[in-house]
Amino acid sequence: MKAAHNLDRFEKKILRLLQQDGSLSNAAIAEKVGLSPSPCWRRIDRLQKEGFIKRRVALIDRKLVGLNTQVFAQVKLNAHGRANLDEFSEAIRAFPEVLECYVLMGPVDFLLRVVAPDIEAYERFFFDRLSQLSGVQEVNSTIALSEIKSTTCLPIT
């Protein structure tokens, strides 16, 4: 895999552009970065093959599709054996409400970002699914009131 510090200015600009709008055509990207279409396409193809570009997706406005509630849940497990962490991780991957899950160092083991239509739906998810997972000792949920910043763009310089 190519090291980030070995990306040239064209590749960095291509990555910045694709982060802002993944639907840009090769011709549009080439024009914006100052390359002809063929070398631009080869660079994009290489960036994909080397894993810099994982995939291209459409970012959906969660509120427009009825997911008005966003919750950050801190989960603490009662046993820290590797098998328990793997079992919990596998279960979390199966929950479509969980958009992100991070393993943490510190007083809690996991941080989850969960979306739901409303508080009642999150409550059902919490009681019926999350708190029922084997090994869950404690869950502290924090409801996000509003969103100040949300981006998927990495600061590529």
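The values are calculated or read from the model by the stated rules, or taken from the named source; none is laboratory data. Just so we're clear, the structure is a prediction, and the values are computed from it rather than from any experiment. Note that each Cβ is placed from the backbone with ideal geometry, even for glycine, and that neighbours are counted across all protein chains shown. Note: areas computed on protein heavy atoms with side chains; ligands, DNA, RNA excluded. Shrake-Rupley method; radii C 1.70, N 1.55, O 1.52, S 1.80 Å.
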Task: So Leu154, is it under 19 Å from the mean Cα position of the chain (by Cα), part of a strand (DSSP E or B) and modelled with pLDDT of 95 or more - done: no
TODO: Would you be able to tell me the number of residues in the range 36-54 that are closer than 18 Å to Gln19 by Cβ and open to solvent by less than 70 Å² (accessible area, probe 1.4 Å)?
DONE: 9
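Go through the range 63-73 and give me each residue that's of a type outside the set (Ser, Thr, Tyr) and either surrounded by 11 or more Cβ atoms within 10 Å (Cβ to Cβ) or in contact with a Ser or Thr (Cβ under 8 Å, 6 or more places away or on another chain) (or both). Steps first, answer last, please.
Of the residues in the range 63-73, the ones of a type outside the set (Ser, Thr, Tyr) are 63-68, 70-73.
Scanning the range 63-73 gives Lys63, Gly66, Leu67, Asn68, Gln70, Val71, Phe72, Ala73.
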TODO: Could you list, in sequence order, all residues of the range 112-133 that are more than 30 Å from Lys12 (Cβ to Cβ) and surrounded by fewer than 16 Cβ atoms within 10 Å (Cβ to Cβ)?
DONE: Pro117, Asp118, Ile119, Glu120, Glu123, Arg124, Phe127, Asp128, Arg129, Ser131, Gln132
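Counting residues that are under 17 Å from the mean Cα position of the chain (by Cα) and touching a residue at least 12 places away in the same chain (Cβ under 8 Å), which helices (runs of 4 or more DSSP H) fully inside the range 1-71 reach at least 3?
Working: elements: 9-20, 26-33, 37-49.
Answer list for the range 1-71: 9-20.
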Task: Subset of the range 64-99 [among the hydroxyl-bearing types (Ser, Thr, Tyr) and in contact with a helix residue (DSSP H, G or I) (Cβ under 8 Å, 6 or more places away or on another chain)] - done: Thr69
Open item on the list: If a residue must be open to solvent by 80 Å² or more (accessible area, probe 1.4 Å), at pLDDT 95 or above and under 16 Å from Val139 (Cβ atoms), how many such residues does the range 74-102 contain?
Closed with: 1
- [ ] Kindly list, by first and then second residue, each pair from a residue in the range 134-154 that is open to solvent by 70 Å² or more (accessible area, probe 1.4 Å) to a residue that is in a loop (DSSP other than H, G, I, E, B), limited to pairs with Cβ atoms under 8 Å and residues at least 6 apart or on different chains.
- [x] Gln137/Asn78; Glu138/Val108; Thr152/Leu59
